[in-house]
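Undergrad: Before anything else, here's the structure in question.
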Amino acid sequence: MTDPNQSNGPSPTGLLVINKAYRRTSTGVCTVVKARLRAGGAPKRVKVGHGGTLDPLATGVLVILVGKATKLCDEVMAGEKGYLAQVDLGVTSPTDDLESEAIPALGA
């Protein structure tokens with residue numbers, strides 16, 4: 001009898017660098033990666049994780065670790081990181097972010 005958790009080949013292992021889209025969660029990206037790996041023949045229990053959460057409103061590099069590479073998360077994330085932000089001082093919003101409609105700031 002075939003074990004449903006096994007595939008015909010070895011379990012995938014590696015690191016993916018993904019440009020996370022706006023409004024996509026880091027966990028959501030992992031879910032998509034896992035589904036695609038499984039569709040390609042990976043075992044049902046293939047491990048997929050991310051090396052640090054990006055806010056859903058943020059875009060940019062998201063490191064995805066697969067299989068045995070998930071054990072390297074601390075080493076991968078120990079490096080220096082940089083962030084770039086864009087701020088519009090001429091508007092405000094009830095939530096102070098892009099989740100609500102922008103309103104022109106007083107005096108702008």
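Undergrad: Evaluate the following for LEU62: is it in contact with an Asp or Glu (Cβ under 9 Å, 6 or more places away or on another chain) and in contact (Cβ under 8 Å) with a residue 12 or more places away in the chain?
TA: no
Undergrad: For LEU15, indicate whether it is buried (at least 17 other Cβ atoms within 10 Å of the Cβ), among the hydrophobic types (A, V, I, L, M, F, W, C) and touching a helix residue (DSSP H, G or I) at 6+ places or on another chain (Cβ under 8 Å).
TA: Spelling it out, it is not the case that LEU15 is buried (at least 17 other Cβ atoms within 10 Å of the Cβ), among the hydrophobic types (A, V, I, L, M, F, W, C) and touching a helix residue (DSSP H, G or I) at 6+ places or on another chain (Cβ under 8 Å).
Undergrad: Based on what the data block shows, is ASN8 at pLDDT below 90, surrounded by fewer than 11 Cβ atoms within 10 Å (Cβ to Cβ), on the phi < 0 side of the Ramachandran plot and not basic (Lys, Arg)?
TA: Values: at pLDDT below 90: yes; surrounded by fewer than 11 Cβ atoms within 10 Å (Cβ to Cβ): yes; on the phi < 0 side of the Ramachandran plot: yes; not basic (Lys, Arg): yes.
Spelling it out, ASN8 is indeed at pLDDT below 90, surrounded by fewer than 11 Cβ atoms within 10 Å (Cβ to Cβ), on the phi < 0 side of the Ramachandran plot and not basic (Lys, Arg).
Undergrad: Follow-up. Please work out which residue is surrounded by the most Cβ atoms within 10 Å (Cβ to Cβ), limiting yourself to segment 18-43 and to residues that are charged (D, E, K, R) and farther than 15 Å from VAL61 by Cβ.
TA: To start, the set of residues in segment 18-43 that are charged (D, E, K, R) comprises 20, 23-24, 34, 36, 38.
Subset that is farther than 15 Å from VAL61 by Cβ: 23, 34, 36, 38.
On the way: ARG23: 13, LYS34: 19, ARG36: 11, ARG38: 15.
Residue satisfying both the conditions and the ranking: LYS34.
Undergrad: Here's a follow-up. Output the number of residues of segment 45-72 satisfying the condition of being more than 12 Å from the chain's Cα centre (by Cα) and crowded, with 16+ Cβ neighbours inside 10 Å.
TA: 6
The values are calculated or read from the model by the stated rules, or taken from the named source; none is laboratory data. Fair warning: this is a prediction, and the values are worked out from it, not measured in the lab. Virtual Cβ from ideal backbone geometry, glycine too; neighbours counted across all protein chains shown.
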